[in-house]
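Only one structure is covered here, and it is reproduced in the block below.
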Amino acid sequence: MRRHGRTHALAAGTAALALTGTLSGCGLVSGSPMSDKVSPGKVGAGQPLKGAQLTVTSKEFTEQVILGKIMGLVFRAAGADVVDRTAVQGSIGARSAVESGTADGMYEYTGTSWITYLGHTKPVTDPVEQWKAVRKEDRANGLEWLAPSELDNTYALVISDKLQKKYGIRTLSDVAELSRKQPNAASVCVENEFASRQDGLPGMAKKYGMRFPSGQVHKMAGGVVYTQTAKGKPCTFGAIAATDGRIPALKLKIIEDDRKFFPNYNVAPEMNAGTMKEHPEIAGLLAPITKALNNKMAQKLNAKVDVEGQDPHDVAKDWLVREGFIKTG
């Protein structure tokens, strides 16, 4: 969908290859320096990172790019020379870069690491305990997880306002009932990745007893899922990211995960352990930034890019300045 990838077992066997491909094919060799003239606001007083040379990275979807830019701009305001290597293609490339030290940090999702990279099949229900479990286990991989955000970019099913009223769908249990009673109405638009992941369509269908005939599952690019679901054709339902700005813009309704199938995907800074040992002040710089993030805010920022067509770098900087975290000039 937008942030997940292969299992940890596959990742372990292909990490070196994936990183090599990412380095050569996705901009991790050179990146681009952040030349913004920014200074401390609420964070970065005294420029504790002055003289440091840091690299930030992210995956390629909108929210990730914005968060990567936010991290880089905070480091820049705190005095660091920053290389921007955001928007890496594929799920494993950015994480591999942080593990290896090719990049110093990124914003990552707790559920992604727990399920996709660490290979667990059952999520931890409590979001804070999920973060603690990921932080503890990922230390063996040379990664340090800093304090998490309320922002929970989990998977969700959506339905148009019109079809929600027609079918009376409020919960995923309602979707399951519709799929059994009116299978022709239970069509779903998904990205290829969601269609095959155990924390995606197969696992959800098993948990709720949903029946989606193969002809009723329509695989397509992520952005198309939103528009086709809003139209109600060819899909009654769409699998999306819960913090996407197109949800309110297209008047889509999130369907409640009443049996709590989807893991918590709270976002948190995932940092190279060596970087944190050298620059422990990073934790204090990022803590108030991360705390200020939530789903509503993420939807607004994402919509500025995906709906209004603004540049992610400008969106990130405008938000940091508006919130008083950094200053321009």
The Cα radius of gyration of the range 174-298, divided by 2.2 N^0.38 Å with N its residue count, comes to 1.33
Here the equivalent ellipsoid of the chain, derived from its Cα gyration tensor, has semi-axes (largest first, whole Å) of 35, 21, 17
For the range 91-178, dividing by residue count, accessible area per residue (probe 1.4 Å) in Å² works out to 38 Å²
Expressed to two decimals, the range 175-245 has a Cα Rg over Rh, using the Kirkwood radius, of 0.94
At R0 = 25 Å the Cβ-Cβ FRET efficiency linking K260 and N192, nearest 0.05, sits at 0.50
For the range 129-266, the accessible surface attributable to carbon and sulfur atoms (probe 1.4 angstrom, ligands and nucleic acids excluded) amounts in percent to 47 percent
So, relative contact order of the chain in percent, Cα under 8 Å, 6 or more apart, is 25 percent
Under the 7 Å Cα-to-Cβ spin-label approximation, K296 and K166 lie apart by a distance in nanometres of 3.2 nm
Here, the range 159-207 modelled as identical Cα point scatterers in vacuum has Debye log10 I(q)/I(0) at q = 0.22, 0.24, 0.28, 0.31 Å⁻¹ of -0.87, -0.99, -1.14, -1.20
Stretched fully, the stretch from V128 through Q47 gains (0.36 nm per residue minus C-alpha distance, one decimal, in nm) 26.1 nm
Here the percent of antiparallel bridges among DSSP beta bridges lying wholly in the chain, to the nearest 5, is 65 percent
Over the chain, the sum of -39500 (n - 2.57) across DSSP H runs of at least four, divided by residue number and rounded to 500 deg cm²/dmol, gives at 222 nm -12500 deg cm²/dmol
With a 1.4 angstrom probe the carbon and sulfur portion of accessible area for the range 267-308, in percent, totals 54 percent
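The values are calculated or read from the model by the stated rules, or taken from the named source; none is laboratory data. All values reported here derive from a predicted model rather than from experimental measurement. In this analysis, Cβ positions are derived from the backbone assuming ideal geometry, glycine residues included, and neighbour counts consider all displayed protein chains. Each accessible area value is taken on the protein alone, full model and side chains, heavy atoms only, with ligands, DNA and RNA left out. Shrake-Rupley method; radii C 1.70, N 1.55, O 1.52, S 1.80 Å.
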